[in-house]
Amino acid sequence: MGRGACAPTCQSATRAGTSRSRTRWLQQAKPPAGRCDNPWVQSAGTSFRARIVAMHNLAIDAVTSEVVQAFDAAGVKSLLLKGPTIARWLYTDNTPRPYGDTDLLVPPHQFARAAEVLDALGFANEWAGVRESERNRHADMYVRHQRQGAFTVDLHHRIELTKVPPAQAWAVLEAHASTTPFAGNAVACLDRAARCVLLALHVAHHGYAEAKPLEDLRRGRSLETRSTWAEARAVADQLGATVAFDLGLALLEETPESLVNSAAWSAADTDLRMSVLNLPPPAQLLLMMNELPLYRRPGFALGRLFASPARLRTKQGRQAPIPSLYWRQVRELAAMLPAGVTEARRFRRLSGQGYPDR
Amino acid sequence: MLTPYSVVTRSSRPFTAQAQDELVMLDPDQGRYYGLDAVGNRIWELLEEPRSVADLCAALSREFAVDAASCRRDVLTFLEQLAASQLLDVEA
């Protein structure tokens, strides 16, 4: 790449700026010993990782723009969540902040229409054919395979950890949205307060296991004012997500051991606590089964052990025969069972003698 | 062929992302990536609105340690490359 004057493609990787006239001028610049501080002559340089992250993010932005345009044409409203909205808001210090997919929330009554639009664009629903109990509780995952790779759209019908009906949640968030330029188009994005809510809920959903949401929340807490965070809590109230919001914030300040003594933990139900501590699946299943009446437990266990073929293919890959998928499922759960029992016991110890009333 | 009197503006087509000192661009129609270093990035910013090449060079000369002649030569070369990559709109 030329030193400020020429910009060949990254793919060609040719560097211009070596003309005779430039060489003469560079010689005349007389840089100070050790380093040239004249940016016309020499750039500071960009890390390979930063460049790759930017290129990767742009490819996802292109898909996002295409999908939002198609939604607009079909009359489907949408709100862009996470990904680029977080990167542009909280990572202005040039720290690369990669994102892996497109997150769009649509009104519940338009979810089916949005799915049709994605299907027409060549996306396939990874959750097609799975049982209702196996579905992700807040979004369906759509994947399109292109020459450049696989691109994913998480089509949200609700926001994780919110308790109000999806239609009500949509109304609350739509009231906190505005249109912003994005990748050559205009998309609807949440305002700062609503984004702060999602930061906290994202941490509560993933707990200590994921570093990225924790870093996002740490930056959001540092950047936004107290009044914005107060407004965020009010939005969380409207979404029925106050407990999860408070717990997400508590994770920034507390270790797992001190968290269980916090007010936020006391107010949380079992599902939320399991999310925060990121229990492995066998531990979660054991705890969930423990909450059921005795007569329902065998059916629950068998249902989890013998998941739908569609669910197994989503988890393990689409090429293997069904019997081998089930055999692998049984082997994996059996292998994780001892650790699952240990984790479940640890969870019960951290939660006290019993579970809080729901 | 661009001259100092040419009025230019950047194309609205590419998506852009900052990568430390560099501006990385993706032209979705061509499926190609481009990278601009710090000075190229500043030129791209200044071309958000139409302006003549002469005005552009005058602004850059105020901001960077470069003489007028070198600035004009380097900027014209750069703009020609942008135009060849269909990233520049020439109005006059």
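Nothing in this text is a laboratory measurement; each read-out follows from the coordinates by a stated rule. What you see is a predicted model, and the numbers here were worked out from it, not measured in a lab. Please note: Cβ atoms are built from the backbone with ideal geometry, for glycine as well, and neighbour counts cover all protein chains shown.
Out of residues 5 or more away from A:Ala139 or on other chains, whose amide H comes under 5 Å of its own, with H placed 1.01 Å from N in the peptide plane?
A:His157
What's the magnitude of the charge dipole for the protein assembly as shown around its Cα centre, counting Lys and Arg as +1 and Asp and Glu as -1 at the beta-carbon? Answer in Debye, nearest 20. If you can, show how the numbers build up before the last one.
Values: 52 positive and 48 negative charges, 267 e Å.
Computed about the Cα centre, the dipole is about 1280 debye.
Give the residues of region A:232-265 whose amide nitrogen is closer than 17 Å to a point set 7 Å from the Cα of A:Arg226 in the direction of its Cβ.
Under 17 Å, as judged by backbone N against the label point of A:Arg226, lie A:232-234 of region A:232-265.
Shape call for region A:193-274 from the C-alpha gyration tensor, a ≥ b ≥ c root eigenvalues: rounded (a/c under 1.5), prolate (a/b greater than b/c) or oblate?
Note, shape of region A:193-274 comes out oblate.
How much FRET efficiency would the formula 1/(1 + (r/R0)^6) give for A:Arg297 and A:Lys163, where r is the Cβ-Cβ distance and R0 is 35 Å, rounded to 0.05?
Values: r = 26 Å, r/R0 = 0.75.
So, using R0 = 35 Å, E works out to roughly 0.85.
Which of the helices in chain A meet the span-like rule: DSSP H, Cα axial reach of 24 Å or more, Kyte-Doolittle mean at least 0.0? Before the final figure, lay out each step's value.
Values: long enough: A:48-73 (38 Å, 0.64); A:322-351 (39 Å, -0.19).
Membrane-span-like by this criterion, though nothing is claimed about a membrane: A:48-73.
Any idea how far apart A:Leu350 and B:Glu45 come out in nm if each label point goes 7 Å out from Cα toward Cβ?
4.6 nm
Along Cα→Cβ, 7 Å out, is where each label goes; now give me the distance between the ones at A:Thr92 and A:Ala209 in nm to one decimal.
Spacing of the two 7 Å Cα→Cβ label points: 3.4 nm.
Just to confirm my numbers, what's the Cα centroid distance between region A:217-267 and region A:119-172 in Å?
26 Å
Spin-label point model (7 Å from Cα, Cβ direction): what's the A:Ser266 to A:Val143 distance in nm?
Placing both labels 7 Å beyond Cα along the Cβ direction yields 4.5 nm.
Do the sum for chain A: with -39,500 (n - 2.57) for every DSSP H run of n ≥ 4, divided by all residues, what is the mean residue ellipticity at 222 nm, to the nearest 500 deg cm²/dmol?
Details: 16 runs with 190 residues, N = 358.
Calculated from helices alone, the mean residue ellipticity at 222 nm is -16500 deg cm²/dmol.
Tell me, what is the FRET efficiency for A:Arg135 and B:Asp67 to the nearest 0.05, using R0 = 60 angstrom and their Cβ-Cβ distance as r? Before the final figure, lay out the partial values.
Details: r = 66 Å, r/R0 = 1.09.
The value I calculate is 0.35.
Mind jotting down the distance between the C-alpha centroids of region B:18-65 and region A:65-97, whole Å?
If you average the Cα positions of each part, the centres end up 23 Å apart.
Take the protein assembly as shown, compute every pairwise Cα distance, and split them into 10 Å bins from 0; I just need the percent in each bin.
In order of increasing distance, the bins hold 4, 17, 23, 23, 16, 10, 6, 2, 0 percent.
Which of the aspartates and glutamates could be linked to A:Lys163 by a straight reach, that is with a Cα gap under 13 Å, when you skip same-chain ones fewer than 8 residues away?
A:Asp237, A:Asp269, A:Asp271
Where the eigenvalues come from the Cα gyration tensor of chain B, what are the semi-axes √(5λ) of the equivalent ellipsoid, largest first, in whole Å? Could the numbers behind the result be given before it?
Numbers: eigenvalues 88, 50, 21 Å².
Sorted largest first and rounded, they come to 21, 16, 10 Å.
For A:Phe48 and B:Gln30, what does the FRET efficiency come to when R0 = 30 Å and r is the distance between their Cβ atoms, rounded to the nearest 0.05? It would help to have the intermediate numbers written out before the result.
Values: r = 23 Å, r/R0 = 0.77.
The formula returns an efficiency of 0.85 here.
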